[in-house]
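The values are calculated or read from the model by the stated rules, or taken from the named source; none is laboratory data. Here the structure is a predicted model, which is why all the values come from computation and not from measurement. So basically every Cβ, Gly included, is an ideal-geometry build from the backbone, and we count neighbours across all protein chains shown. These area figures cover heavy atoms from the full protein model, side chains too; ligands, DNA and RNA do not enter into them. Shrake-Rupley method; radii C 1.70, N 1.55, O 1.52, S 1.80 Å.
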Amino acid sequence: MANHKVVCWMCGAEVKDPYVNLCPKCGGLLTVKMDLSEVSEMNPEDLRKTQIGVWRYAPFMPVDPANKVSIQEGGTPLYKTEALGAEVGVPNAYVKFEGLNPTGSFKDRGMTIGVSHAKELGAKIVGCASTGNTSAALSAYASKAGMKCAVFLPSGKVAMGKLAQALFFGAKVLSVDGNFDDALALARKMSEEKKLYLLNSINPYRPEGQKSVLFEIWDQLGFKMPDRVILPVGNAANIWAVYKACMELKEIGWIDKIPKLTGIQAAGASPVAKAFEEGAMDFVPEGNPETVATAIRIGNPVSGKKALKAIYDTKGYATTVTDEEIIKAQLLLGRKEGVCVEPASAASVAGLKKLREQGVIDKDETVACICTGNGLKDPDTILANVPKPIPCQNSVKDVERILSEN
């Protein structure tokens, strides 16, 4: 574990109260500042003495491995998608499939670190507001740690595959009257009164685990950085986490190339993309976000300003894709590569296709698309967009007839 401190992202003030999630001085978000002096004396190859996964990168993490709460998260495949790459005109396209984490999404990376830190603090109850994936991950890790878990869900519009996981792992699931932002406000109030330890992405320890996805991409490419990393953007902590990983690797001299971080939002929930289009450093929240991609249906992203900094500092990009483009990309990835992702995940692939067509992405770039969740998280959306089963007589002749049809 590297030494660290929690500081305000805006004014730099150090914050020591573990239940405070905003700077008491300026109201800014908090972040973890790592002391990487000991890590700088290592070589990248030293990391490979440990099995690939989040905890391979423990020297970059602000939690003592002795308090580790793990379900073997991370170590997800990085697919070289040759058929997809040929289809969209980017031969060196890769997909980092986070849907093969234990609960089926990238949120497991943050929760292993977040819940491990909660264990360090002696917390008995953890909680989060969630549109689905966060609740599934936190519920599982709380169960593993023997902690109580409270999940605050916006009423309706949560994929059943995600809600089922939270219930299955034993969380107290509370359906709050309102949208995600209303649910988060209630969860934050509980945290401020120290009635639970909040593990939404506003928690500075969560993104520390999530930054491991960038370490893995770099590791899986033979300690080489891609030219660009594309991510779906909802609450925006993940793109900040990837940026933070890049900065830490650069700080210790392990890399000299930073990938262009590219954020993709659904057209109906796009405050960060709109701010980028206007060249703004801050965003205007959207009151009624709407998209089929429930995991990124967020109008007031907590880490939106951090996401914009990550994009600008890396000379990256941000844009929107429509629900139709998302569904087409979801099916394209399935039909070309045999990878089943949820709609929000497909936003990164839809963004790759759109930005290549617009000339923003060059055909010679090496691009890694992070696909954040498994398609089985939201089977209803899949079933609504694929052909129905074909009626068939119990005969070889009828099967041959059906197979011969286009």
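Against the definition (more than 23 Å from Ala185 (Cα to Cα) and either crowded, with 17+ Cβ neighbours inside 10 Å or not hydroxyl-bearing (Ser, Thr, Tyr) (or both)), how does Ile255 come out, yes or no?
yes
Between a residue in segment 242-259 that is in contact (Cβ under 8 Å) with a residue 12 or more places away in the chain and any residue that is assigned to a loop (DSSP other than H, G, I, E, B) and of a type in the set (D, E, K, R), which pairs come within a Cβ distance under 7 Å, given they are 6 or more apart or on different chains?
So the pair list comes out as Val242/Lys211; Lys244/Lys211; Ala245/Lys211; Pro259/Asp227.
Do we have Trp218 as assigned to a loop (DSSP other than H, G, I, E, B), over 23 Å from Gly156 (Cβ atoms) and touching a residue at least 24 places away in the same chain (Cβ under 8 Å) here?
When the stated conditions are applied, Trp218 does not pass them.
When segment 32-58 is examined, which residues are found to be closer than 17 Å to Gly209 by Cβ, of a type in the set (Ser, Thr, Tyr) and surrounded by fewer than 18 Cβ atoms within 10 Å (Cβ to Cβ)?
Within segment 32-58, Thr50 is the sole residue that qualifies.
Among the residues of segment 365-374, is any open to solvent by less than 70 Å² (accessible area, probe 1.4 Å), at pLDDT 95 or above and over 30 Å from Thr103 (Cα atoms)?
There is at least one residue in segment 365-374 that is open to solvent by less than 70 Å² (accessible area, probe 1.4 Å), at pLDDT 95 or above and over 30 Å from Thr103 (Cα atoms).
Scan segment 267-325 for residues that are of a type in the set (S, T, N, Q), assigned to a loop (DSSP other than H, G, I, E, B), open to solvent by less than 60 Å² (accessible area, probe 1.4 Å) and touching a Gly at 6+ places or on another chain (Cβ under 8 Å) and report the count.
Of the residues in that region, 1 qualify.
Considering only segment 47-56, state which residues are of a type outside the set (A, V, I, L, M, F, W, C) and farther than 19 Å from Ser105 by Cα.
Arg48, Lys49, Thr50, Gln51
Can you find, within segment 377-406, the residue that is farthest from Ala318 (Cα to Cα) among those that are in contact with a Cys (Cβ under 7 Å, 6 or more places away or on another chain) and of a type in the set (A, V, I, L, M, F, W, C)?
By that ranking, first place goes to Val399.
From Gly170, Gly209, Gly222, which residue is out of contact with any Phe, Trp or Tyr (no Cβ under 6 Å at 6 or more places or on another chain), closer than 25 Å to Glu248 by Cβ, open to solvent by 40 Å² or more (accessible area, probe 1.4 Å) and not basic (Lys, Arg)?
Gly222
Do any residues in segment 89-107 that are among the β-branched types (Val, Ile, Thr) have Cβ atoms under 7 Å from those of residues that are at pLDDT below 95 and open to solvent by 30 Å² or more (accessible area, probe 1.4 Å), where the two are at least six apart or on different chains, and which pairs are they?
Listed by first residue and then by second, the contacts come to Thr103/Gln165.
Mind listing just one residue for me: the one in segment 179-206 that is part of a loop (DSSP other than H, G, I, E, B) and more than 19 Å from the chain's Cα centre (by Cα) and, of those, surrounded by the fewest Cβ atoms within 10 Å (Cβ to Cβ)?
Step by step, filter segment 179-206, then rank; the result is Glu193.
Restricted to segment 276-303, and to residues that are touching a residue at least 40 places away in the same chain (Cβ under 8 Å) and hydrophobic (A, V, I, L, M, F, W, C), which residue is farthest from Ser348 (Cα to Cα)?
In this case the residue turns out to be Val302.
Scan segment 129-144 for residues that are buried (at least 21 other Cβ atoms within 10 Å of the Cβ) and at pLDDT 95 or above and report the count.
6
Looking at segment 63-80, I want the residues that are closer than 21 Å to Tyr205 by Cβ and have a partner that is of a type in the set (S, T, N, Q) with Cβ atoms under 6 Å, at least 6 apart or on another chain. Which pairs are those?
Val63/Ser116; Asn67/Ser116; Lys68/Ser116; Val69/Ser116; Ser70/Thr112; Glu73/Asn101; Glu73/Thr112; Gly74/Ser212
In segment 226-240, which residues are within 26 Å of Asp364 (Cα to Cα), crowded, with 20+ Cβ neighbours inside 10 Å and not β-branched (Val, Ile, Thr)?
Scanning segment 226-240 gives Pro226, Arg228, Leu231, Pro232, Asn238, Trp240.
Scanning for something among the acidic types (Asp, Glu) and closer than 21 Å to Tyr243 by Cβ, does segment 24-37 turn up at least one residue?
Checked segment 24-37: at least one residue is among the acidic types (Asp, Glu) and closer than 21 Å to Tyr243 by Cβ.
Any idea which of (1) among the aromatic types (Phe, Trp, Tyr); (2) part of a strand (DSSP E or B); (3) open to solvent by 50 Å² or more (accessible area, probe 1.4 Å) is the one Tyr19 doesn't satisfy?
(2)
Tell me, please, whether a residue that is of a type outside the set (D, E, K, R) and part of a strand (DSSP E or B) can be found in segment 374-385.
The answer is yes, given that some residue of segment 374-385 is of a type outside the set (D, E, K, R) and part of a strand (DSSP E or B).
Picking from Val302, Val367, Val349, which residue would you name as being on the phi < 0 side of the Ramachandran plot, of a type in the set (A, V, I, L, M, F, W, C) and touching a Lys or Arg at 6+ places or on another chain (Cβ under 8 Å)?
Selected residue: Val367, the only one of Val302, Val367, Val349 that is on the phi < 0 side of the Ramachandran plot, of a type in the set (A, V, I, L, M, F, W, C) and touching a Lys or Arg at 6+ places or on another chain (Cβ under 8 Å).
Could you check how many residues of segment 87-128 are within 22 Å of Asp64 (Cβ to Cβ) and either among the hydroxyl-bearing types (Ser, Thr, Tyr) or surrounded by fewer than 24 Cβ atoms within 10 Å (Cβ to Cβ) (or both)?
Selection size over segment 87-128: 10.
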